[in-house]
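Trainee: Sharing a structure here in structure tokens format.
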Amino acid sequence: MKKFIAVLLGSRLFSSHSNGLRILQASWHPYSSNHLGVLSSDSVMRLFDLSSDLERAEQEFYLQPENRRNQNTPSLCPIAFSFGVNHLWERFSIFLLYSNGSLYILCPVVPFGSLCSWTHIEEIYNDAHICVLDSSDARVSRNSGLAITWLEATFPKLVDRKMEGGNVIVLRAHSYTPLDASLALQGPLVSASNREKNETCVSSTYCEGKPVNFMYNSIGKDSVFIIAWSSAFLEVYALADEIQPLWNVGNSPHLSLDPSGNIDSVAVICQSDLEEVSTEQEFKKIRGASADVSSGHLPPLLKISIVDLQLPKNASNGCMLSLLPDPLVSKRFYCIHTGGMDMVILHVLPFSDMIPEKDAMTSSICPILLTPHSESSRPVLCGYVIVTDSYGHSQFVGVTPTYECLVLEMKGWSDEMLPSHFNLDVKPSGSTEALVPEILSKELISGPKAIVIPSSTSLQSLTPDSIEGRSTLHHYVKLFHENYVEYAHKVYIELEHHGEYVKTIIDSQQQRLKAVEQSLSKLENNENGVKDRINRAFKVYELLDQRLQNFKVLPSVNKKPLSKAEREFNAELDRIANHELDSLDSSIDALNTRLRRFLQSSSNSPTNMGRAAPGRRKDYVPDDLALKLKSSLDLLSSLNSQNMKKVKLIEDTLNNQQK
């Protein structure tokens, strides 16, 4: 079991209780496993050798990009850096991003004791000799001479002509620095894209705010720089020329020697000999103007693309952006921001793609991680890393502020691959389903690369004892070793773990098969219940359809509006019902009252009438008149009853017609 030991680097220098220095960025050197580069807030770039001293830096570079003539102008300070790789002097270069968006170069810088390829050093060495012979500029010749001296002193075995036989593969860098010259801070680098138009650079229009991050990447034949701005824009540039080393003669470095007389540590004040660029507006004007490369020997920048992350205004104001390269596909990189993570793919590069398509899209952006935009300007991930394996897969591993681990799987062999979208707010459903990985990687299936062997006649003229024969034999043995032996080793490593790998795949497929079988059995159990519900639904549908047909035959369905004559007759009936019938009812009531009084008076007996007081005359109606009045009343009642029946019949008829 491996043990990890935590150590403090520069505890006295970066202690919060002493001078308050902050570490802006720390990065491992790509060609040394012991050297760590640290950029601090005092504008000093330090290179620590962790194998020898944790407190004192092996190399210190005090960065001064301008000659401070006006004390009122704001000072510039570096905020990010990146080590160069691959291309000639870029391997010994450090690229620096300053607070106004300008780019500077330190070259040459090499960790003491690091290993470098013999082929690469020889190529640089020959190129420096060609520059001395071909150049008529005294300054270029002087710097080329210093470069040759630096190479010969840093790699002493380079001058030994016996190494030409190819017996040495790598060279170890020795500690060396010129005693009468210090490294020059080359910059700021200017853009050559608008040289013919003399227009202002696009960055002055789109890339507002301040730079927040920087990334360098070597893609094919191109050296690409990505600058992230707080306004949620990305500037993508490429170097248009090779980098050359540059020294300021007359500025001596500060050296520290060990008891043997070798250089133990070095401190250099790196100054720029160009004019002062104090403000961001002045730098943007310089970047958009044409660059005189021959005067300062600075490689110009070619603008490739301006990438808009399209973040909301409240999220793009002062947001922090983090850039991360893809270790498998060099043309794509990732940008982490407050809204998640985007993948950016570069489609056209100036030197790697010599004949680009007409109107081809230079870059494309694809969001692969979506999160709600928070009020905070910091990214949604606290830490992140990309892990690769021998099967051509890469996994993006990130840690959220809630201490959750997020893993995104991506394929490495497709430039056009667009990963799935994710949302951190959506809680996982607990499903562990995933795509089935490939059994064998495509690299192993395709087999080793073919080696082109010349005809036998050209080889027969060589003898094994000659220098040419040994060199040719060594060359082809090396090719066979690189292709077949290494391929066999990859096959052995993959097949050694192939059993466990296949077992993992089978177990995963069996789990998915069991889950599918359980789902099928559950569906079969619910099938009868679903059929019953469908039958009941059909019966309810038939009942509703029958009721609808019954409603259609009702009289109200064929209802028609009344004609003009019918409307007049209906109004006349309403008048009779409202006025004449009321008068008739009142007359009948009056007659009924008179009839009751008459009947009461007629019911009195003759005895009572005889007992009346004498001299008083009694008025009464004769019997024949009463009978006649009674018959008239009966006739009137029957007439009233008939009229009531007629009125009721008319009302029923009208109601039926209205329906």
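Trainee: When you look at Ile304, is it modelled with pLDDT of 65 or more and over 23 Å from Leu179 (Cα atoms), yes or no? Steps first, please.
Mentor: Values: modelled with pLDDT of 65 or more: yes; over 23 Å from Leu179 (Cα atoms): yes.
Against the criterion (modelled with pLDDT of 65 or more and over 23 Å from Leu179 (Cα atoms)), Ile304 qualifies.
Trainee: Then there is this: Being closer than 20 Å to Pro300 by Cα and part of a loop (DSSP other than H, G, I, E, B) is the filter here; which residues of segment 86-112 pass it? Show your work before the answer.
Mentor: Step one: filter segment 86-112 for residues closer than 20 Å to Pro300 by Cα, giving 86-108.
Answer for segment 86-112, where residues must be closer than 20 Å to Pro300 by Cα and part of a loop (DSSP other than H, G, I, E, B): Asn86, His87, Ser93, Ser99, Asn100, Gly101, Ser102, Cys107, Pro108.
Trainee: Residues in segment 179-201: is at least one modelled with pLDDT under 85, under 30 Å from Pro312 (Cα atoms) and of a type in the set (Val, Ile, Thr)?
Mentor: Scanning segment 179-201 turns up at least one residue that is modelled with pLDDT under 85, under 30 Å from Pro312 (Cα atoms) and of a type in the set (Val, Ile, Thr).
Trainee: While we're on this one: Does Asn251 satisfy the criteria of being closer than 22 Å to Ser43 by Cα, modelled with pLDDT under 90 and open to solvent by 60 Å² or more (accessible area, probe 1.4 Å)?
Mentor: Judged against the criteria, Asn251 is a match.
Trainee: Follow-up question, since we're still on this one. Ser32 - would you say it is at pLDDT below 90, surrounded by 18 or more Cβ atoms within 10 Å (Cβ to Cβ) and either polar (S, T, N, Q) or at negative phi (or both)? Steps first, please.
Mentor: Numbers: at pLDDT below 90: yes; surrounded by 18 or more Cβ atoms within 10 Å (Cβ to Cβ): yes; either polar (S, T, N, Q) or at negative phi (or both): yes.
Against the criterion (at pLDDT below 90, surrounded by 18 or more Cβ atoms within 10 Å (Cβ to Cβ) and either polar (S, T, N, Q) or at negative phi (or both)), Ser32 qualifies.
Trainee: To continue, here is another question. Can you find a residue that is under 30 Å from the mean Cα position of the chain (by Cα), modelled with pLDDT under 90 and more than 20 Å from Leu171 (Cα to Cα) anywhere in segment 48-64? It would help to see each step written out before you state the result.
Mentor: Going through segment 48-64, the residues under 30 Å from the mean Cα position of the chain (by Cα) turn out to be none.
No: zero hits.
Trainee: Can you list the helices (runs of 4 or more DSSP H) found entirely within segment 556-659 that contain at least 2 residues being at pLDDT 75 or above and more than 60 Å from the chain's Cα centre (by Cα)? Step through it out loud before you land on a result.
Mentor: Working: elements: 564-575, 581-602, 606-610, 623-658.
Ranges flagged: 564-575, 581-602, 623-658.
Trainee: Can I ask one more? Does segment 231-248 hold any residues that are over 30 Å from Arg142 (Cα atoms) and open to solvent by 10 Å² or more (accessible area, probe 1.4 Å), and which are they? Walk me through how you get there before you give the answer.
Mentor: Initial filter on segment 231-248 (over 30 Å from Arg142 (Cα atoms)): 231-236.
The answer is Ser231, Phe233.
Trainee: Would you check if Glu122 is open to solvent by 60 Å² or more (accessible area, probe 1.4 Å), modelled with pLDDT of 85 or more and in a helix (DSSP H, G or I)? Lay out the reasoning, then the answer.
Mentor: Working: open to solvent by 60 Å² or more (accessible area, probe 1.4 Å): yes; modelled with pLDDT of 85 or more: yes; in a helix (DSSP H, G or I): yes.
Here the answer is yes, as Glu122 does meet what is asked.
Trainee: Another question, then. Can you spot a residue in segment 315-327 that is modelled with pLDDT under 75, under 16 Å from the mean Cα position of the chain (by Cα) and not in a loop (DSSP other than H, G, I, E, B)?
Mentor: yes
To keep it simple, each residue is scored yes or no on (1) free of Cβ contacts under 8 Å to residues at least 40 places away in the same chain; (2) of a type in the set (Lys, Arg).
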position: Tyr484; (1), (2): yes, no
position: Ile505; (1), (2): no, no
position: Ser519; (1), (2): yes, no
position: Asn528; (1), (2): yes, no
position: Arg536; (1), (2): yes, yes
position: Asp545; (1), (2): yes, no
position: Val553; (1), (2): yes, no
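Trainee: Okay, next question. Restricting the search to segment 65-85, which residues are in a loop (DSSP other than H, G, I, E, B) and either at pLDDT 80 or above or among the aromatic types (Phe, Trp, Tyr) (or both)? First the steps, then the outcome.
Mentor: Here is the first cut: in segment 65-85, the residues in a loop (DSSP other than H, G, I, E, B) are 65-77, 84-85.
Hits for segment 65-85 are Leu76, Cys77, Gly84, Val85.
Trainee: Quick one: in segment 85-127, of everything that is under 35 Å from the mean Cα position of the chain (by Cα) and of a type in the set (Gly, Ala, Ser), which residue is farthest from Ile219 (Cα to Cα)?
Mentor: Once the filter is applied, the top-ranked residue is Ser99.
The values are calculated or read from the model by the stated rules, or taken from the named source; none is laboratory data. None of these values were measured; they are calculated from a predicted model. Backbone-built Cβ (ideal geometry, glycine too); neighbour counts: all protein chains shown. Please note that ligands, DNA and RNA were not included when accessible areas were found on the heavy atoms of the full protein model with its side chains. Shrake-Rupley method; radii C 1.70, N 1.55, O 1.52, S 1.80 Å.
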